[in-house]
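Structure record follows, encoded as structure tokens.
Every number here is computed from the coordinates shown, using simple stated rules; none is lab data. All values reported here derive from a predicted model rather than from experimental measurement. Cβ placement follows ideal geometry from the backbone for every residue including glycine, while neighbour counts extend to all protein chains displayed.
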Ligand code: NAD
Ligand code: USQ
């Protein structure tokens, strides 16, 4: 099935059967943008292990935010060069590397011309909601970086090869928390006796989430006018750290953030439980989010690549496996951790509904064959183990929420 579809996607391509370290597969040329990040790195080596020819791009913006915020990944990570060399040394294959900024149109065009991808996986954006809410400059940076980078990619695809399948990381937060079920991208509306299938209304909760909405509109429009192929993956909050490939060598580890700006909620609560810090539930803790294990991020990307969008098709998948309230996550972690765990309800630094209806449909990836890793005691226990190993590196100052949605100048750590 997978083979037939890929041959249909690129009719002039000679099938290349390559032995990957985890089996054999028809090989595609896949360019991963944002490949030095939390999700981009494990995705790159996962696709390489599957036998694809993988190109990797990053401009190290994420490492620069660490310097700015005085924060860093709890689990030490090596440089991209070292990661790429290590991957080759463990038998994982060559990753052609392109260092550069996607907001530079000439760089983006020449990278895509040179690598000649059949598919592009686009992770390369500023992805922290709190970072985008620090002040005017961080808001503008986030929106320019994300929206302009994506526009440059769309133009390059249209000019170089409109057959390239763009797989773009969006976010469930584009929808916000409406008082109705959230559909997968589109909703049928009947208005004054007429019906249409329209984009689901977007009510995002930060300037970062808004940048993803702007991207989605730009991708949908470009796909329509230039007859492109695109998949918008509205992903929920990701947790976890280990993948089959990162486990092969310590230098292949991906980052694990726990600070109040870049750390996502479950990863943060794991660190807090291990170091004996109260779990920082913002507000009432009734905020509900779709979530997924990092291994399912890789599986979803794989499914999207193997089942490409048709010519002229802009499609949306809601990419998460389970939904939880923040309070439920805190309770689950408190119950699972062998030691004593306190939970505090802090004043919510964000402007968001602290209790709300939430039911998001997420069937399209399951229909394509996704077999979710559901959040289990075993997974939580394994995360405790990883974090315990590095707990001596935790910076307590990084845990307290430092960015308020209400202030136009938030007291981030660098300006304290
Ligand atoms: P990350 O910050 O760890 O990785 C993003 C990478 O993109 C970084 O290495 C950064 O240096 C790079 N980058 C940023 N701007 C760039 C530019 N202009 N040119 C080149 N490289 C650039 O983020 P992540 O957690 O790996 O998330 C990846 C994507 O997935 C993001 O688009 C994010 O919005 C989306 N997403 C993440 C999560 C999550 O929980 N982590 C959830 C939903 C969606
Ligand atoms: N929260 C707490 N305590 C904390 C941290 C967070 O209660 O210590 C709450 C937040 O207020 C929010 C929820 O947990 O209600 C999720 O926050 P988060 O920081 O884990 O996730 P979020 O800001 O939504 O962003 C993350 C990623 C982003 C991605 C998004 C998916 O950083 O890139 O787009 O998850 S989603 O949430 O579906 O939009």
Fewest to most neighbouring Cβ within 10 Å: what's the order for 382, 132? 382, 132
How would you rank 175-181, 73-79, 318-324, highest first, on the average number of other Cβ atoms within 10 Å across their residues? 318-324, 73-79, 175-181
Fraction of antiparallel bridges per DSSP, the chain only, in percent to nearest 5: 25
Mean-square fluctuation check for the chain, GNM, Cα pairs under 10 Å: which of 195, 114, 168 is largest? 195
Using the basic label-point model (7 angstrom from Cα toward the beta carbon), what is the residue 148 to residue 355 distance in nanometres? 4.5
Using alpha carbon centroids, what distance separates the range 345-359 and the range 320-338, in Å? 16
CD proxy, 222 nm, the chain: helix-only mean residue ellipticity via -39,500 (n - 2.57) per DSSP H run with n ≥ 4, per residue, nearest 500, stands at -11000 deg cm²/dmol
Just 309, 71, 89 to compare: in a GNM of the chain, with alpha carbon springs under 10 Å, which one fluctuates most? 89
How would you order 240-252, 395-407 from highest to lowest mean count of nearby Cβ atoms within 10 Å? 240-252, 395-407
Inter-site label distance for residue 104 and residue 311 at 7 Å from Cα along Cβ, in nm: 3.5
Can you give the Rg to Rh ratio of the range 28-399, both from alpha-carbon atoms, with Rh computed by the Kirkwood formula? 0.95
With the crude spin-label approximation of a point 7 Å out along Cα→Cβ, what separation in nm comes out for residue 392 versus residue 374? 3.9
